[in-house]
Amino acid sequence: MLSLLNHPNLVNLIGYCAHGDQRLLVYEYMPLGSLEYHLFDLMPGQKPLSWSTRLKIAVDAAHGLQYLHCKANPPVIYRDLKSSNILLDNDFNARLSDFGLAKLGPVVIGTYGYCAPEYAMSGKLTLKSDIYGLGVVLLELITGRKVIDCTKKPGEQNLIVWSHPFLKDHKKFVQMADPLLEGRFSVRSLHHAVTITAMCLQEQASFRPPISDIVTALEYLTDRWL
């Protein structure tokens, strides 16, 4: 199944090895590692991602998810969309990795903080659950904050909880921006990005937009301000 999924924003499966009860999948090498590495706990001298690069990564991730939701037959629920599963090539082109693996395993899994509310309530995942996960990644790109960070003071350790008052007041949107950006972004661009993110993070799954609408909104954002 995985070998049939082919898109510029999905990591290519090169092959596999099987020996006894051991199984190994071999993917193409992504030299810049994961988005997580470039957003959090930067090494001395490591440059933070620019605003334009963050938007580009967001668009790439959305395109990969759109392929899984709209082009794959049958549609594939990603199930574990997070910054550590978004890999980057030398030009910061983003590709989704580990897609579909949770479906093939014995238990449906996800990562705490990225899982949609309906999964916590019922254990059921849908395409709209992936939209929530994408919203969390967008929030990380905007804020530079980890989804769960125990080094923060109480009330700020959970990114979703911390973001709620900001997402409800457009006058506070700019306060969400990653301090490492040092204000080097278009405020209007930031406002649009936060608005898209808030739509993805709606608690009611039915209120979240389909991935095709998110792609259109993100492409408009990048075409206008990049």
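The values are calculated or read from the model by the stated rules, or taken from the named source; none is laboratory data. Remember, predicted model here, so these are calculated numbers, not experimental data. Neighbour counts run over all protein chains shown; Cβ positions are idealised from the backbone, glycine included.
Quick notes on this one:
- Residue check for Val137: outside any loop (DSSP other than H, G, I, E, B), in contact with a strand residue (DSSP E or B) (Cβ under 8 Å, 6 or more places away or on another chain) and either buried (at least 21 other Cβ atoms within 10 Å of the Cβ) or not charged (D, E, K, R) (or both): yes
- Among the residues of region 200-226, the one identified as of a type in the set (Lys, Arg) and either under 15 Å from the mean Cα position of the chain (by Cα) or not in a helix (DSSP H, G or I) (or both) is Arg208.
- Set side by side, the residues Val76, Val26 differ, and just one is outside any helix (DSSP H, G or I) and in contact with a Lys or Arg (Cβ under 8 Å, 6 or more places away or on another chain), which is Val76.
- Complete set of residues in region 30-64 that are touching an Asp or Glu at 6+ places or on another chain (Cβ under 9 Å) and exposed (fewer than 11 other Cβ atoms within 10 Å of the Cβ): Pro31
- Leu139, sole failed condition from (1) at pLDDT 90 or above; (2) over 17 Å from the mean Cα position of the chain (by Cα): (2)
- If you go through region 137-161 and keep only what is without any contact (Cβ under 8 Å) to a residue 60 or more places away in the chain, aliphatic (A, V, I, L, M) and farther than 14 Å from Cys200 by Cα, you end up with Ile148, Leu159, Val161.
- Residue pairs meeting the criteria (Cβ under 6 Å; at least 6 apart or on separate chains; first closer than 9 Å to Ser83 by Cα, in region 34-46; second at pLDDT below 95 and part of a helix (DSSP H, G or I)): Ser34/Ser84; Glu36/Ser84
- Residues that are buried (at least 16 other Cβ atoms within 10 Å of the Cβ) and either in a helix (DSSP H, G or I) or touching a Gly at 6+ places or on another chain (Cβ under 8 Å) (or both) are absent from region 148-155 altogether.
- Every residue from region 52-77 that is among the hydrophobic types (A, V, I, L, M, F, W, C) and either out of contact with any helix residue (DSSP H, G or I) (no Cβ under 7 Å at 6 or more places or on another chain) or free of Cβ contacts under 8 Å to residues at least 12 places away in the same chain (or both): Leu68, Ala72
- Number of the condition not met by Val59 [criteria: (1) within 18 Å of Leu139 (Cβ to Cβ); (2) at pLDDT below 95]: (2)
- Flag if Asp80 is more than 21 Å from His192 (Cβ to Cβ), acidic (Asp, Glu) and without any contact (Cβ under 8 Å) to a residue 24 or more places away in the chain: no
- Taking every residue in region 109-136 that is farther than 20 Å from Tyr67 by Cα and free of Cβ contacts under 8 Å to residues at least 12 places away in the same chain and pairing it with any residue that is surrounded by fewer than 24 Cβ atoms within 10 Å (Cβ to Cβ) and of a type in the set (S, T, N, Q), at least 6 positions away or on another chain, the pairs with Cβ-Cβ distances below 6 Å are Tyr119/Ser129.
- Those residues of region 172-199 which are assigned to a loop (DSSP other than H, G, I, E, B) and at negative phi, in sequence order: Ala177, Asp178, Arg184, Phe185, Ser186
- Arg188 fulfils the conditions (1) among the basic types (Lys, Arg); (2) touching a helix residue (DSSP H, G or I) at 6+ places or on another chain (Cβ under 8 Å); (3) under 30 Å from Thr126 (Cβ atoms) except for a single criterion, (3).
- Close pairs (6 angstrom Cβ cut-off, 6 or more residues apart or separate chains): within 22 Å of Ser34 (Cβ to Cβ) in region 3-21, among the β-branched types (Val, Ile, Thr) anywhere: Ile14/Val26; Gly15/Val26
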